[in-house]
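Below you'll find the structure, written out as structure tokens, and then a few comments.
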Amino acid sequence: MSGLFVSTIERRLSGLAANYRQRGLTLDMKDCHIASVWAGIKNTHGKPPQQKGMVLAENIFEMVACLTFGLRDMRDRVILLIGYAGGLRRTEMVIPPKISGVQK
């Protein structure tokens, strides 16, 4: 598994654990042997996530300029502009499925 990111190995281990559960077996990731090897891998090869650069107003204007006036593009335009104006993160832009009496 050389050349893989730690997150890739973690995702594959998670898949293996799920496969084990489906077969009625257990893969205990908290076992002292597995945990110590995994901690060593993370300490040796782990990297902090790279922070993305901020989006400037010029970038938003360029994104909005590419959109047409169809319904989906209008929706995307509103999301981009309100999100930028409000300084919202992507996760803060998600509308919950049910808001105080409002049904889908």
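The values are calculated or read from the model by the stated rules, or taken from the named source; none is laboratory data. Not measured: the values here are computed from a predicted model. Don't worry about glycine lacking a Cβ; one is built from the backbone with ideal geometry, like all the others, and counts go over all protein chains shown.
Residues that are of a type in the set (Val, Ile, Thr) and closer than 30 Å to residue 6 by Cα occur in the range 76-92; there is at least one. The residues on offer are 25, 81, and the sole one that is loosely packed, with under 10 Cβ neighbours inside 10 Å and either touching a residue at least 40 places away in the same chain (Cβ under 8 Å) or among the hydrophobic types (A, V, I, L, M, F, W, C) (or both) is 25. Considering only residues in the range 28-60 that are among the charged types (D, E, K, R) and within 29 Å of residue 90 (Cβ to Cβ), the one that is surrounded by the fewest Cβ atoms within 10 Å (Cβ to Cβ) turns out to be 52. The number of residues in the range 20-41 that are in contact with a helix residue (DSSP H, G or I) (Cβ under 8 Å, 6 or more places away or on another chain) and either within 13 Å of residue 10 (Cα to Cα) or not assigned by TED's automatic domain parsing to the domain that holds residue 10 (or both) comes to 3.
Tell me the residue from 52, 30 that is within 30 Å of residue 80 (Cα to Cα), free of Cβ contacts under 8 Å to residues at least 12 places away in the same chain, of a type in the set (Lys, Arg) and part of a loop (DSSP other than H, G, I, E, B), please.
Numbers: 30 fails: within 30 Å of residue 80 (Cα to Cα).
Going through 52, 30 in turn, just one is within 30 Å of residue 80 (Cα to Cα), free of Cβ contacts under 8 Å to residues at least 12 places away in the same chain, of a type in the set (Lys, Arg) and part of a loop (DSSP other than H, G, I, E, B): 52.
Annotation note: of 87, 40, the sole residue that is at positive phi and out of contact with any His (no Cβ under 7 Å at 6 or more places or on another chain) is 87. A count restricted to the range 81-104 and to residues that are in a loop (DSSP other than H, G, I, E, B), modelled with pLDDT of 60 or more and in contact with a Lys or Arg (Cβ under 9 Å, 6 or more places away or on another chain) stands at 1. The single condition among (1) part of a helix (DSSP H, G or I); (2) farther than 30 Å from residue 84 by Cα; (3) at pLDDT 90 or above that residue 25 does not meet is (1).
For residues that are surrounded by 11 or more Cβ atoms within 10 Å (Cβ to Cβ) and among the hydroxyl-bearing types (Ser, Thr, Tyr), scanning just the range 1-22, find the one that is nearest to residue 45 (Cα to Cα). Restricting to residues being surrounded by 11 or more Cβ atoms within 10 Å (Cβ to Cβ) and among the hydroxyl-bearing types (Ser, Thr, Tyr), the top hit is 7.
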